[in-house]
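Novice: Have a look at this one before I ask anything.
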């Protein structure tokens with residue numbers, strides 16, 4: 001047969017028993033979840049900065065970055081809630097390349113999912129204990145959710161996954177905010193349909209069980225730009241794009257907590273990573289001149305690491321992305337402080 005079953009990996013229950021949350025981490029998770037939820041329900045007017053490396057590839061470098069980030073997060077906490085990106089699963093357009101620490105705990109070695117699950121959870125737990133921050137991750141594999149459902153405070157569904165039924169249904173069973181990105185084609189109705197599905201209740205098969213979900217009222221949209229048939233990037237963070245999303249929400253009055261996050265990288269920046277600060281500032285300007293957009297746009301996503309740019313696997317430049325290029329630490333710190341002034 002075509003499938004070769006290598007070995008059975010540990011269950012979510014086994015992983016959580018081996019690497020449990022500390023009492024401090026449990027407290028942080030509860031407090032942060034409530035604080036972030038209030039942004040989406042409108043009870044808080046704070047702005048979200050979902051920011052961090054494109055991929056969390058090296059625990060020590062990621063924790064170095066996060067400890068720096070935590071200090072700035074405290075400085076801007078009256079205006080901004082910082083949610084660090086600890087992205088442990090990475091989609092690959094062609095299926096080639098580094099797929100995240102869950103697949104390859106060592107990017108230069110062969111896949112090892114057993115060790116990858118341990119590495120993923122260790123890094124998240126260390127981040128919570130050292131920084132007091134809970135993180136965002138991409139839900140690339142829906143069946144992995146139970147390994148980290150007690151850790152994450154935010155989940156994103158990527159442009160290549162947002163049309164997938166299992167992703168939508170799994171999100172409907174979560175109790176934290178989940179952002180549904182527009183697809184690479186840019187068709188916004190696909191994104192909206194995904195939110196409709198994620199906010200509804202469902203019955204489906206999940207990890208060998210028939211399950212029921214109650215729907216996720218915190219599911220929302222993420223604008224990340226698009227690509228046309230000529231492989232040209234088409235941005236969708238401009239004022240008119242935000243107005244269009246606002247109008248589309250009005251056409252779905254049953255949706256709860258209308259919200260949008262703007263991804264400042266990917267096709268919105270044409271992968272020109274240094275454009276991210278300018279894009280963030282334009283989004284903030286759009287919010288300032290339109291009260292409807294101020295209520296709709298709850299935050300931004302930014303790809304950021306210690307060193308700017310990116311490198312190939314094996315180059316070993318500390319704190320530099322091995323996937324998409326990121327802004328460096330100096331630019332990151334400046335951006336967060338400027339955002340707080342502009343809010």
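Novice: Got a sec? Which of 71, 37, 29 is free of Cβ contacts under 8 Å to residues at least 24 places away in the same chain and assigned to a helix (DSSP H, G or I)?
Specialist: From the options 71, 37, 29, the qualifying one is 71.
Novice: Let me ask something else. Collect the residues in segment 167-215 that are under 18 Å from the mean Cα position of the chain (by Cα) and farther than 22 Å from residue 257 by Cα, keeping them in residue-number order.
Specialist: 184
Novice: How many residues, within segment 32-57, are within 17 Å of residue 149 (Cβ to Cβ) and either out of contact with any strand residue (DSSP E or B) (no Cβ under 9 Å at 6 or more places or on another chain) or modelled with pLDDT under 95 (or both)?
Specialist: Within segment 32-57, residues that are within 17 Å of residue 149 (Cβ to Cβ) and either out of contact with any strand residue (DSSP E or B) (no Cβ under 9 Å at 6 or more places or on another chain) or modelled with pLDDT under 95 (or both) number 3.
Novice: Ok, one more. Only one of 189, 194, 161 is in contact (Cβ under 8 Å) with a residue 12 or more places away in the chain and part of a loop (DSSP other than H, G, I, E, B); which?
Specialist: Of the residues listed, the single one that is in contact (Cβ under 8 Å) with a residue 12 or more places away in the chain and part of a loop (DSSP other than H, G, I, E, B) is 161.
Novice: Next up: Mind checking which pairs have a first residue in segment 247-259 that is loosely packed, with under 13 Cβ neighbours inside 10 Å and a second that is assigned to a loop (DSSP other than H, G, I, E, B), Cβ under 9 Å, 6 or more apart or different chains?
Specialist: 250/258
Novice: Now for a separate question. In segment 233-243, how many residues are surrounded by 14 or more Cβ atoms within 10 Å (Cβ to Cβ) and more than 23 Å from residue 273 (Cβ to Cβ)?
Specialist: So the count comes out to 1.
Novice: Read through the list (1) touching a helix residue (DSSP H, G or I) at 6+ places or on another chain (Cβ under 6 Å); (2) crowded, with 16+ Cβ neighbours inside 10 Å; (3) under 28 Å from residue 194 (Cβ atoms); (4) in contact (Cβ under 8 Å) with a residue 40 or more places away in the chain, then give the number of the only condition that residue 292 fails.
Specialist: Condition (2) is where residue 292 drops out.
Novice: So which residues in segment 271-298 are in contact with a strand residue (DSSP E or B) (Cβ under 8 Å, 6 or more places away or on another chain) and either on the phi > 0 side of the Ramachandran plot or in a loop (DSSP other than H, G, I, E, B) (or both)?
Specialist: 271
Novice: Here is a further query. Regarding segment 252-269, can at least one residue be identified that is in a helix (DSSP H, G or I) and either out of contact with any strand residue (DSSP E or B) (no Cβ under 6 Å at 6 or more places or on another chain) or over 30 Å from residue 104 (Cβ atoms) (or both)?
Specialist: Scanning segment 252-269, I find at least one residue that is in a helix (DSSP H, G or I) and either out of contact with any strand residue (DSSP E or B) (no Cβ under 6 Å at 6 or more places or on another chain) or over 30 Å from residue 104 (Cβ atoms) (or both), so the answer is yes.
Novice: Let me ask something else about it. Among the residues in segment 139-147, are any under 20 Å from residue 302 (Cα atoms), out of contact with any helix residue (DSSP H, G or I) (no Cβ under 6 Å at 6 or more places or on another chain) and outside any helix (DSSP H, G or I)?
Specialist: yes
Novice: Filter segment 80-119 down to the residues that are touching a strand residue (DSSP E or B) at 6+ places or on another chain (Cβ under 9 Å) and either outside any loop (DSSP other than H, G, I, E, B) or under 18 Å from residue 64 (Cβ atoms) (or both) and list them by number.
Specialist: Matches in segment 80-119: 80, 81, 82, 83, 84, 85, 86, 87, 88.
Novice: A further question follows. Output the residue which, of all residues in segment 14-42 that are touching a helix residue (DSSP H, G or I) at 6+ places or on another chain (Cβ under 8 Å) and loosely packed, with under 12 Cβ neighbours inside 10 Å, is farthest from residue 297 (Cα to Cα).
Specialist: So the residue we want is 22.
The values are calculated or read from the model by the stated rules, or taken from the named source; none is laboratory data. These numbers were taken from a predicted model, which means no experiment stands behind them. Cβ sites come from the backbone with ideal geometry, for glycine too, and all protein chains shown count toward neighbours.
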